[in-house]
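Beneath this line is the structure, given in structure tokens, with notes to follow.
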């Protein structure tokens, strides 16, 4: 019985054998992936979440790895010429390298989870900024090493020659990417100096907002009106940064103005009322007592200066307390008959009769 031949010496039976290996390996890899995912979600691992992350990370490259194995054993039954066989061997080596790199790339998630779990227990959020950078760095290293291995397979040159070539090429890239390198070292300066942490409010370069992310190249700041500002780390490291999130208190300066026709005893009463309101107020510490003084004669009013400090620096609580102070001051001044001053101007106009008219505006 004659055997049908296609593509030279490759038979249909061999092609079906290859397809069977590939499809079977893919199905087996998919089933193993589903099994690993289900194991990662098992209740017995709820107290050890890192096990679930490990199973999930390990399961991602499994279908591709089994596809590579299926191709390897499926192609084993085919007979190629020496030149074609070398190409097929190189292609398989590249696929296997990619599969292994994919596996290591996925397992970086386990390291990232461990680092994140540890940094959450520390009081500072600077460690939280390091976790994503470590993850990105490890993945970049894995990709570079994988590409170097692929280059070695395709070029059939020793890895030392490839690394030497990368060194020469890296010098050219470094000259062309000076800003990127500047931003990278700027990020290192930020991590060393620690001028802010994630979630803290800062003002820099005319922007006021909270830190959302610090990367190798840039820092992302969410402004108070909702805009996302991205600032290069090279420039940010050289700017003056005001860290509002690290202030120990919120200071309020009040200028209370009363009318010029207020008699001295009423001015003293106004001082006493304001001192009584601020005495031992909410958010006060003994080291920061409130200060109230009749400090100035302004153009249209007598000025009472009041300064107090609110602890801790919770902004919305501070505003609620400031509202209470204002309402209490308004109520007690009205009860005492003390009038608040408003901007006025007195004009003296000589009339035709020679008398003087007093006009207030």
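The values are calculated or read from the model by the stated rules, or taken from the named source; none is laboratory data. Bear in mind that the values here come from a model prediction, so they are computed numbers and not experimental data. Glycine gets a Cβ as well: all are built from the backbone with ideal geometry, and neighbour counts include every protein chain shown.
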Going through 286, 282 one at a time, which residue ends up being closer than 16 Å to residue 324 by Cβ, under 42 Å from the mean Cα position of the chain (by Cα), loosely packed, with under 15 Cβ neighbours inside 10 Å and at pLDDT below 95?
282
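Residues are listed down the side, and each one gets a yes or a no for (1) under 30 Å from residue 88 (Cα atoms); (2) modelled with pLDDT under 80; (3) crowded, with 17+ Cβ neighbours inside 10 Å:
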site: 13; (1), (2), (3): yes, yes, no
site: 22; (1), (2), (3): yes, yes, yes
site: 34; (1), (2), (3): no, no, no
site: 44; (1), (2), (3): no, yes, no
site: 49; (1), (2), (3): no, yes, no
site: 62; (1), (2), (3): yes, no, yes
site: 66; (1), (2), (3): yes, no, yes
site: 73; (1), (2), (3): yes, yes, no
Going through 206, 165, 226 one at a time, which residue ends up being at pLDDT below 85 and either out of contact with any strand residue (DSSP E or B) (no Cβ under 7 Å at 6 or more places or on another chain) or assigned by TED's automatic domain parsing to the domain that holds residue 315 (or both)?
165
Of 338, 307, which residue is surrounded by 13 or more Cβ atoms within 10 Å (Cβ to Cβ) and within 30 Å of residue 210 (Cα to Cα)?
307
